[in-house]
Amino acid sequence: MRVILVTGKGGVGKTTVSAATGLRAADLGHRTLVMSTDPAHSLADAYQVALGDEATTVVERLAAQQIDAQQRLEDSWGDVRDHLTDLFDWSGLKGIEAEELTVFPGMDEIFSLASVRDHVRSGDYDVIIVDCAPTAETLRLLSLPEVLSWYMEKMFPLGRRVVKVVRPVLTRVTTLPVADDKVFAAVARFYERLDGIRDILANPDVTSARLVMNPEKMVIAEARRTYTYLGLFGYAVDAAIVNRVLPDTVTDPYFKRWREIQETHMEAVHEGFADVDIRTLRLFDEEMVGVDKLRLVGEELYGDRDPTIRLASGRPFRVEDEDDRVVLVLSVPFVEKGDVDVLRHADELFITVGPYRRSFVLPDSLKRRQVRRAQLLGGELRVTFGIDE
């Protein structure tokens with residue numbers, strides 16, 4: 001079973017790459033599903049086939065769907081939303097403003113992950129290709145299962161017990177709406193929808209991310225940040241795909257300076273993504289939509305390679321033994337010393353890279369050890385644990 005996440009800055013050609021990859025996989029005999037989790041769906045336009053929330057056959061062995069995340073959010077979050085609306089109404093905030101505040105950014109997209117899990121468990125497909133939302137949303141989406149898992153394990157049981165104790169008192173002294181068991185049950189259902197997703201997405205033998213970019217300075221910078229943060233959260237990246245590269249057949253002097261700029265940017269791509277497979281797609285002279293043209297894109301992108309295999313085998317996270325010390329090694333390419341912060345608190349290790357923070361619950365072998373040092377070496381953060389002497 002393989003899951004391939006295709007992501008990148010908006011407008012770089014993610015959907016074209018996703019659709020072409022899926023078609024190429026199906027042509028090679030794999031039962032393939034291409035899913036769009038981007039709120040601005042364009043997968044149907046790429047295949048020129050009407051698509052909806054259910055998987056629809058495109059060609060033999062290839063199905064596609066555009067997730068209706070809003071409806072799935074309504075099904076699982078409705079009771080919680082109603083409770084939050086009551087709270088805002090009690091506080092004096094009414095109308096559309098209150099409704100907007102009851103749904104947090106990215107929550108509608110998170111149900112797309114649950115759909116990935118459901119398809120993996122069904123066994124109906126050999127490969128699932130996910131046309132992800134633009135990079136910032138994808139990072140938020142991928143980190144949410146781990147964050148929510150921490151909340152459900154540490155805060156949810158305590159909150160439920162506290163509410164049961166204080167509800168009788170509060171109802172006597174205030175009109176403040178207090179969550180009942182229906183609300184807590186809705187939160188539990190929400191969490192259950194995400195249960196097991198992390199095990200799928202963080203397993204490099206199952207899931208790989210592929211970063212799509214154009215040979216442009218800002219787009220490459222965004223891809224580098226995405227690569228760093230995917231490594232922080234333990235997701236494997238196996239390919240960097242550079243789209244819209246000027247082909248050698250373009251010889252008009254008008255494009256001479258443009259070609260020189262692209263060549264400089266391609267050097268930066270090869271330096272920055274040396275650990276993953278780098279693939280390029282030329283700038284086509286027409287819009288590449290429809291099965292026939294997407295088949296051409298897939299052939300040019302992958303050549304004689306099977307697109308479902310792991311194109312690179314690096315792992316973003318590992319643990320090493322060094323004599324009597326243990327080193328936690330995290331891949332964080334393109335990070336400077338001032339961008340990283342490491343904090344140990346009780347049985348957890350908190351690592352912050354830029355605006356993102358990850359909590360590692362330490363295994364038993366590390367709980368009795370103390371952090372001795374943290375250092376950046378060759379694009380890796382090495383956190384050394386030792387035993388008190």
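The values are calculated or read from the model by the stated rules, or taken from the named source; none is laboratory data. Nothing here was measured: the structure is a model prediction, and the numbers come from that model. FYI the Cβ positions are ideal-geometry reconstructions off the backbone, even for glycines, and counts take in every protein chain you see. SASA here: full protein model, heavy atoms, side chains in, ligands and nucleic acids out. Shrake-Rupley method; radii C 1.70, N 1.55, O 1.52, S 1.80 Å.
As an exercise, identify the GluC sites (Glu not before Pro) in the range 205-307 lying in DSSP coil whose Cβ has no more than 10 other Cβ atoms within 10 Å.
286, 287
Send over a whole-number figure in Å² for the accessible area per residue of the range 287-389, probe 1.4 Å.
Spelled out: the 1.4 Å probe surface of the range 287-389, per residue, equals 56 Å².
Tell me, in nm to one decimal, what length is gained between residue 118 and residue 382 on full extension, where the rule is 0.36 nm per residue of separation less the Cα-Cα distance?
Residue separation times 0.36 nm, minus the Cα-Cα distance, leaves 91.5 nm.
Express in whole angstrom the spacing between the alpha-carbon centres of the range 44-70 and the range 286-337.
One Cα centre to the other: 25 Å.
I need the shape label for the range 213-314. Rule: rounded when a/c is under 1.5, else prolate if a/b > b/c, else oblate, with a, b, c from the alpha carbon gyration tensor.
Cα axes put the range 213-314 in the oblate bin.
Considering only protein heavy atoms, what per residue accessible area in square angstrom results for the range 1-61 with a 1.4 angstrom probe?
With the other protein chains kept in place, the range 1-61 gives 36 Å² per residue.
Heavy atoms only, 1.4 Å probe, whole protein assembly: order 1, 288 by accessible area, highest first.
If we order 1, 288 from most to least accessible, we get 1, 288.
What's the FRET efficiency of residue 321 with residue 256 using the Cβ-Cβ distance as r and R₀ = 56 Å, to the nearest 0.05?
Step by step, r from the Cβ atoms, then E = 0.55.
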